[in-house]
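The structure appears right after this line, and notes come after that.
The values are calculated or read from the model by the stated rules, or taken from the named source; none is laboratory data. This is a predicted model, so every value here is computed, not measured. Note that we place each Cβ from the backbone using ideal geometry, even for glycine, and neighbour counts take in every protein chain shown.
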Amino acid sequence: MSPNSTSSNNNCPESADSGQSFLNVLVLGLGNILLSDEGVGVKAVEELQRRYDCSDAVEIVDGGTVGFELLPYFDERSHILIVDAVKADNKPGTIVKIDDPPAYFSSRTSPHQIGLADVIGLATITDNLPKNIILLGIEPKRFTTGLTLSSEVAQNLSRLVDMVVAELEAIGVKVKSK
């Protein structure tokens with residue numbers, strides 16, 4: 001499975017005088033949508049794109065469960081925002097923000113994160129990992145087969161998307177409601 005770019009720099013028009021040319025942001029949603037809460041990262045980036053228009057400084061990618069295929073998406077980024085299910089021993093539905101994902105991924109918590117941990121490691125070795133990388137996620141309740149999120153995760157999905165928007169705006173990206 002290869003990642004699906006759900007938005008590209010061409011799909012989010014921005015005026016030439018926006019002052020955002022120094023930004024090259026990746027919003028990367030991860031997860032397996034066939035395993036209930038495991039798919040929350042993918043569902044979050046889908047909702048992000050449904051609700052908002054972003055500047056041309058942002059590329060939104062459905063990374064699914066892929067690994068090394070993500071490496072080219074890390075090239076020359078000023079910022080990376082990863083959105084995922086995050087097993088951190090909180091109550092299900094708790095939203096978490098991790099400011100140092102490489103350190104977090106040193107303790108792997110789900111199968112697709114093994115691939116992401118390796119991609120982050122390789123990007124670090126090749127000096128291709130931006131200094132600005134954040135992980136935003138929700139504590140999952142279940143990873144059972146199913147297409148729907150648990151009620152605890154579903155009720156906070158919109159809040160997670162709002163946090164992604166707040167992070168984008170904090171770094172200077174113009175985000176507009178549709």
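Considering 80, 60, the condition of being in contact with a Leu (Cβ under 6 Å, 6 or more places away or on another chain) and either at pLDDT 90 or above or surrounded by fewer than 22 Cβ atoms within 10 Å (Cβ to Cβ) (or both) is satisfied by 80 alone. Assessment of the stretch 123-130 against the conditions (touching a residue at least 24 places away in the same chain (Cβ under 8 Å) and surrounded by fewer than 18 Cβ atoms within 10 Å (Cβ to Cβ)) yields at least one matching residue. Taking the criterion of being in a loop (DSSP other than H, G, I, E, B) and over 15 Å from the mean Cα position of the chain (by Cα), the residues of the stretch 130-170 that qualify are 131, 140, 141, 142, 143, 144, 145, 147, 148, 149, 150.
Listed by position, the strands (runs of 3 or more DSSP E) contained in the stretch 28-86 that have at least 2 residues being within 25 Å of residue 141 (Cβ to Cβ) and of a type outside the set (Asp, Glu) are 58-64, 79-85. Consider the stretch 95-113 and keep the residues that are in contact with a helix residue (DSSP H, G or I) (Cβ under 8 Å, 6 or more places away or on another chain) and of a type in the set (Val, Ile, Thr). The one that is modelled with the highest pLDDT is 95. Residue-level check: of (1) surrounded by fewer than 24 Cβ atoms within 10 Å (Cβ to Cβ); (2) at pLDDT below 95, residue 47 misses just (2). Figure legend. Inter-residue proximity from the stretch 46-60: first residues free of Cβ contacts under 8 Å to residues at least 40 places away in the same chain, second residues among the basic types (Lys, Arg), beta-carbon distance below 8 Å, spacing 6+ or different chains. No pairs are indicated. Restricting the stretch 20-51 to residues that are in contact with a helix residue (DSSP H, G or I) (Cβ under 6 Å, 6 or more places away or on another chain) and of a type outside the set (A, V, I, L, M, F, W, C) leaves a set whose member that is farthest from residue 120 (Cα to Cα) is 47. Please find, within the stretch 131-166, the residue that is surrounded by the fewest Cβ atoms within 10 Å (Cβ to Cβ) out of those that are basic (Lys, Arg) and over 15 Å from residue 87 (Cβ atoms). Out of the qualifying residues, it is 131. Contact map, the stretch 141-157: residues that are at positive phi paired with residues that are of a type in the set (S, T, N, Q), Cβ distance under 7 Å, separation 6+ or inter-chain. Pairs shown: 146/36.
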